[in-house]
Amino acid sequence: MKKKIVGFGASISTTSINKAFATYALEFFPEYEVELIDLNDYKVPVFSVDCEKENCPEEAKAFLAKIKEADVLICSMAEHNRNWTVGFKNLFDWCSRLDLKLLQNKPMLLLSTSPGGYGAQNSMNIAKTIFPAFGGNILTTFALPKFHENFDREQGILDAALLVDFKNQVDDFKHKLVEEN
């Protein structure tokens, strides 16, 4: 039985470039069963302790179940105002109340992209700091700058140097996965 990778873009935008980037990354893992999930399928009310007293939303439980069934995670961090998107942060908050180690110590390939030259690395850097406290086992990272200049939804990464770097990071990730097993 193939191991399973669950991938997602950390955004609820219907035109999420990070979802597109996560989709692209999943193509590099033909030896795995892959599943791309859409955070729009897991919309939850704004987290508050008052709301939590009423009950935890089923969507948060469902998202956590997807994480638990995965062997590996690929997450592409979106960025709003140099931080996580509110949709992802809110879902993350709900899930952390269900299980503090919500990322389940799953090996992670952490990605990010944005239209700007920094490639959403502010959001990625926050994730690199925060995720380990929540069971995130980040093995490799890659940030793609200037998404609209450097990526085509049919061809993938267009810039030759960035493509080589991305493929090297994917190969490094696969090597680390083998080492962990």
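What to note about this one:
- Unsatisfied cross-links (Cα-Cα over 25 Å) in the set 61/101; 3/43; 2/43; 89/174; 101/167; 68/146: 3/43; 2/43; 89/174; 101/167; 68/146
- Cα long-axis angle, helix 58-69 against the chain (0 to 90 degrees, to the nearest 10): 50
- Stretchable slack from residue 68 to residue 181, in nm (0.36 nm times residue separation minus alpha-carbon distance): 38.9 nm
- Mean residue ellipticity at 222 nm, helices only, the chain: -12500 deg cm²/dmol; runs of at least 4 DSSP H residues each add -39,500 (n - 2.57), and the sum is divided by the number of residues.
- Projecting label points 7 angstrom from Cα along Cα→Cβ for residue 31 and residue 164 puts them 2.4 nm apart.
- Farthest toward the positive end of the dipole of segment 80-162, out of 143, 94, 157, is the Cα of 94, where the dipole comes from beta carbon charges about the Cα centre.
- The chain: antiparallel DSSP beta bridges as a percent of all, rounded to 5: 10
- Among residues other than residue 138 with Cβ under 11 Å from its Cβ, the summed charge is +3 (Lys and Arg +1, Asp and Glu -1).
- If R0 is 45 Å, the Cβ-Cβ spacing of residue 152 and residue 61 corresponds to a FRET efficiency of close to 0.75.
- Normalised per residue, the accessible area of segment 92-181 is 49 Å², obtained with a 1.4 Å probe and no contribution from ligands, DNA or RNA.
The values are calculated or read from the model by the stated rules, or taken from the named source; none is laboratory data. Worth saying up front: this structure is predicted, and the values here are computed from it rather than measured. Cβ atoms come from the backbone with ideal geometry, glycine included; neighbour counts cover every protein chain shown. Please note that ligands, DNA and RNA were not included when accessible areas were found on the heavy atoms of the full protein model with its side chains. Shrake-Rupley method; radii C 1.70, N 1.55, O 1.52, S 1.80 Å.
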